[in-house]
Each structure stands twice: as C-alpha cells, then as structure tokens.
1. ASP312 to SER425: extension gain in nm, 0.36 nm per residue of separation minus the Cα-Cα distance?
2. Sort 194-202, 308-316 by packing, meaning the average of other beta carbons within 10 Å per residue, with the highest value first.
3. Note down the magnitude of the dipole of the stretch 441-557 about its Cα centre, charges +1 on Lys and Arg C-beta and -1 on Asp and Glu C-beta and zero elsewhere, to the nearest 20 debye.
4. Suppose all protein chains stay in the model; what accessible area per residue would a 1.4 Å probe give for the chain, in Å²?
5. Quantify, in whole percent, the carbon and sulfur part of the accessible surface of the stretch 168-302 (1.4 Å probe; protein heavy atoms only).
6. Quick one: putting +1 on the C-beta of Lys and Arg, -1 on the C-beta of Asp and Glu, what dipole do you get for the chain around its Cα centre, in Debye to the nearest 20?
7. Report which label in [x] 29.7; [y] 32.5; [z] 26.5 holds the value of mean projected area of the Cα convex hull in nm² derived from the coordinates of this structure.
8. What is the spin-label model distance, in nm, from SER213 to SER102 if the labels are put 7 Å beyond Cα along the C-beta direction?
Amino acid sequence: MALTVTTDLTNITTAESTTGWNEVGTQSAALEPDFYVQGSNCISRAVSNTTKGMLFEIGTALDFTSGTDQDKLVYIWIKVNTPQLADTRANGGLRVRLATTSVSSNYREWFVAGSDSLPDTEGWICYVIDPQSAGTQDSGTYDPASVLWFGATLKTTASAKGQNLGIDRISYGRGELLVEGTVTTAGEGFKEVAEWDYDASQTNRWGIISIRSGVIFVKGKIVIGDASTNTTFSSYGEQVVFETPTYYDGTDVVKAIPDASEGGTTGADGKDSYLGLGFIGGATTTNIDLGLIVGTDSGRSGPTFNVPLQQDLSTDGRTLATVTVDNSTMSLDLYGAAFSGFEGPIDLTGTGVLGDDCFACTFDGCGRIESNMEWRNCNILNSAAAATDGALLWDDATDVEDSLFAGNSRAVVFESSTGTPFTFSGLVFSGNTFDVRNEITGANITINYGTGALPTKEDVSTSVTTLTGSVSVSVTVTHEGSPVEGAAVYLETTGATVVLNGLTNASGVLAGAFSGTTPATIDADVSGVKFSSGPIPYEYFNLGGTIEAVTGYSTTVLLGED
C-alpha cells in the first residue's frame, strides 16, 4: 500500500520546450539539458552586466480576481548560477514578472531575491507570489484579471559567463497537497508526501514541499484524508517547517504568501489561509496518528510543526498558518506533537474527533485553539491570540486536564455559559495576564478550579465569574509519637459546612477536601477529636484555625490521657 498524493496546482509550463517562451532583452532563451530541477530540461539564458529574462505565454489569460482561478498563487522554479553577481534585492537582482499584454509592456514585477539574499548553496528555489499583491513596480497597466505571461528577469552588476539564469516548471493554485490512502512505512507519512512532490526521478516537482537535511519544508498546505477514500496516516518524530517566502515591495521586505486570500475563497479544508494542515474524514475509514501513546495519558515521538519567524522581513513575522479538522468521522490522535508559530486558529473540533486523544502535546505561539478532543498533560504557551481573545476557547465540549497555561495574554476564554458549572482539573496557570476571560453577556458562570492557586479572572461583560477551589484538609492524631487509629474527627466551618466527619486510618489520618469559599474559619465550639477505644481514656481535643486558599488545612493532634 502507499499514499496517494495529488495537488490543486495547474501546470503552466514544464520548461521542456522553448515553444511559448519569449525573451526580455536580446539573445534567445535556450533549452537547457545541463541543469534543471525536474524533467530533463529547463529554459536558460545568459545575463551579463544587464537585465534580461524570459516569460512564457500561457495562451489564454488567467483571471486571478474572480471565477475558478480567483485568489490562486503562482509557483515558479528559478536558479541563478551567479548569485554573487546579481544586484541586491532592493535593486531588483532577481524578479518574478507577470504581464498582461507582452513580455515588455503592462507588467508587474516582484523583487524576490538578490546578492544579499540568494543563498550560495541552495541552487533551485521555488518562488511563490500572489498575482493580486502590490508587487514592487509596474510598467504600464498590469491587470491581475488578465495575466498572459509568466516568468522572471535577472539583473547583474558585472560580467558573467555562461547560461546563468534558469527557469523550470511554472504552475498556479492555492498550493495544496491532498493526501489519502495508506502510508507505506508507519511514522514516515510526511516524508512520503515530500518524496511524491520532490521525487528522486525529478519528474514531478511542483515546489510545494521538499526535504533538506532530513527536514521537510512546505510552502503551502497539506490536507490529509478524503471523504470517500480510506486513509491511514502516521508520523513519528518528523520535522515539518512551513516557510514564509518574501519579496521587496519598494519600501519593505514583505510576505509573498498572504495570511488569507484576498477574495475570501477557501481551499479543501474550508479555510482561506494558504499555509498549514487540514484533516478530512468522511464515510470511509480515516485513521491519523501523530506520535505514539505512552501509558494512558501521555505520548512520545510526535512530529514537530514549526512556522518560524522570518527575520529577513522588515518587521519580523510569518505567514499565518492554520490547523483544521473538518466535521466528519475520523480517528485523529496527537501524542507528543509540537506546534509552534501557527498564528491562525487551531480548530480541533468535529463530531468525528470527540474524545480522541491529544496527549503530551505543546502549542507554543499559536492562535486560539478550539477542541473537543481529550487533552492530557499538554502545554499551551505564549499564545498569539489577541488580548481580546484567549489561548483556548472553553465550552461544554472541552475536555482538558493536567495541563499548563503559561505566558499567555488570556489563557482560557468563555463565550457561552452552557455547561456551567465548569471544572478545571489539574490545570496550572503561570505568567498569564489573566487566566480566565469571561466574554459572556447575561449569564453568570461558575468554575471549580480544584486544588492550587486561585486563577485570575477578567469579566468583560455584565456576567460574573465565580471561582470555587478545592483544597486538601487533613487531621493527624497521635499519642506519645504513635498514630491513633479509629479516633473520631469532626470538622465544621463557622458557616456550618461539615468538612470532615469520620475515623482516622492506621496512620492516624483522616483527610478530605474543601471546595467552599476560602479562607474559611473552623468552628472551634463544635469541631474536635475524641477517642474512647481501649483501656486508656483520652481527653477531648478541640480543633480550630483556618482553611486557606492554597495550603488548605492540616493539623496534628497530640492526644493526652484523661
């Protein structure tokens, strides 16, 4: 068995023939068999101490502003054999050019690289641009609703020898890889996807995904599963990096792939974002395992997904990436997986994943998370969600326990009172501006936060959040250094709440929990310890003191003989 991978990209040219190519500047473009990224050839030319290039005419102009091709991106493979001789990016060293009328009129250029940004050792690079974006400069009237020519130009500042500019496959689409079927080797799902797109035979390289030094780099979206095809997918310990291509817009270095489609069109996962992960279920079997389970509520060997901060942008940043689970039947389990820099929403809800496992996972610097999976031992850190939102949306379907929220502006946000009273079990909050944000209007909520420190709260509407904790309470009874088993202990607050009422165990201990408002004063008039078993009579011992918010109540009683 093997995975079946397809893409939404449509081919413009595979650069296996000079037919359809026209030159910018003198000298004909050549069919180049000596260097290429896919197939058997690329289109090349010499550029020496000037600006020259070549563009391909598609035949029928594409409309990127409406219709079936609205909001699609252009993917183009380019190689510069003399990167040191190229001008800087700001001066237009390497440019992607799209034209409406001809190669040299009514066009727009995007300055994508130069001697100051071209890596000396990379070779072929797949550049991605949005035909609707502002670009760097126009000549005449460029119209993204009527793009006929696609290609690139190179500007060199010194004499160069040989064919130093190459262009290979050009295509357009949202940049999605659609994955179904059964993974060949368990745990190597993303590697298999990459080997389809960047195949060893060099016959099928679209440029969405590649492998470098064992790391998988993605300039698009990977959508796993299909509504009508069985899918079994797994990934163990793989490293997947979602890239943020850039270009110089004339003032700043900006993102070439936008955060969302300009016209609001959506991809296979139902989102208007261009980067990230999507999971699709359906009437057939879909089993997706990212990592391996450990025990009953932990995990290991999960993949890491990272959208790194792009530091060559004028303002450090990254293209927004999302994670989406559709509302269909599937089995999705995350064990020891790590997500970093996914600043778009992470939507792990759906009727098909209710109760599925998310164990020992980390979400660092991500957007707001929604989930009805079973979460245990997870970390939600440094959320990118706005101060008017929260790192995790909590509702009546949320099942999160024994997890850490740290460094977030608002850790947990409530937008509905359905399900109140809510329970926080084993949650730890640290370094958040507010641990709980209540945005509900017209309905109060109650949260039982269990043991530990009182969470901080922010009520931003007329509704009130009531926090009730549960702290430990224990009484230890001894006589002459030895525990007293069977001593009767009665503990009651001045508010008439009975906290303990029973007999000590073999260790002389009677323990319980108190979930009322703290601090709470023990009623010393009615609370005490008595023990009448055996030949020795003991004095009655009165209990007093206070049940505190964090430490609860613990006391040791030294019984004396009566």
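1. 36.4 nm
2. 194-202, 308-316
3. It comes to approximately 160 debye.
4. 39
5. 46
6. Dipole magnitude for the chain comes out near 1780 debye.
7. [y]
8. Each label point lies 7 Å from its Cα, and together they span 4.7 nm.
The values are calculated or read from the model by the stated rules, or taken from the named source; none is laboratory data. Just so it is clear, the model here is predicted, and its values are computed rather than measured. Cβ: placed from backbone, ideal geometry, glycine included. Neighbour counts: every protein chain shown. When the accessible area is computed, the model is the full protein with side chains, heavy atoms only, and any ligands, DNA or RNA have been set aside. Shrake-Rupley method; radii C 1.70, N 1.55, O 1.52, S 1.80 Å.
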